[in-house]
Each structure stands twice: as C-alpha cells, then as structure tokens.
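Written below as structure tokens is the structure these notes are about.
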Amino acid sequence: MTLTFTQINELLFPASGLPRTARTSTDWWANDYLYPEKGAYAWLNANYEVIHVDLQKEYVVFRPLLKATWLEK
C-alpha cells in the first residue's frame, strides 16, 4: 500500500501535522517501537511495516506484517 505524506498527515496527524523530521529523515519511518514520538506505533499496531520511503517525492510504501514462524516455537 502506498500513501503520500499528505494522506498520512490527514490520517494520523490531523491536528498537529506530520512532524518536520518525517519529511527530512528516513529514520523517522523506522519500524521501531522504541521511539513513540515517531509514527511507527500507528502502522505497526495496524499490522503494517514500512518497506520504502521517498522523501523527495513524499510517499511511503507499506506492506502487511508477516507472522514469523519462529515465534510459534
């Protein structure tokens, strides 16, 4: 699934706006729960992960999280 920064802004940050660092740093888009000020909680809790970010064209590609089989052991 591909979303533009504008679409993500409208979905996740309608009141405050997408943080400036999201537009300037790919680190902001890391699939990482350790930094709640970043947006990862939103897409990881929806069972998606970021697989590509284009800061110049302002879009992000997400894919559904795949359940790891090693977790079942």
Out of the residues in region 37-50 that are surrounded by 13 or more Cβ atoms within 10 Å (Cβ to Cβ) and of a type outside the set (Phe, Trp, Tyr), which is modelled with the lowest pLDDT?
38
Note on region 1-29: residues touching a Lys or Arg at 6+ places or on another chain (Cβ under 9 Å), surrounded by fewer than 13 Cβ atoms within 10 Å (Cβ to Cβ) and either at pLDDT 95 or above or in a loop (DSSP other than H, G, I, E, B) (or both) are 1
Kindly check whether there is at least one residue in region 25-42 that is among the basic types (Lys, Arg), touching an Asp or Glu at 6+ places or on another chain (Cβ under 8 Å) and closer than 16 Å to residue 61 by Cα.
no
Exclusive hit being touching a residue at least 60 places away in the same chain (Cβ under 8 Å) and within 23 Å of residue 66 (Cα to Cα), set 26, 2
2
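The values are calculated or read from the model by the stated rules, or taken from the named source; none is laboratory data. Just so it is clear, the model here is predicted, and its values are computed rather than measured. Cβ coordinates were reconstructed from backbone atoms using ideal geometry, including for glycine residues, and neighbour counts include every protein chain displayed.
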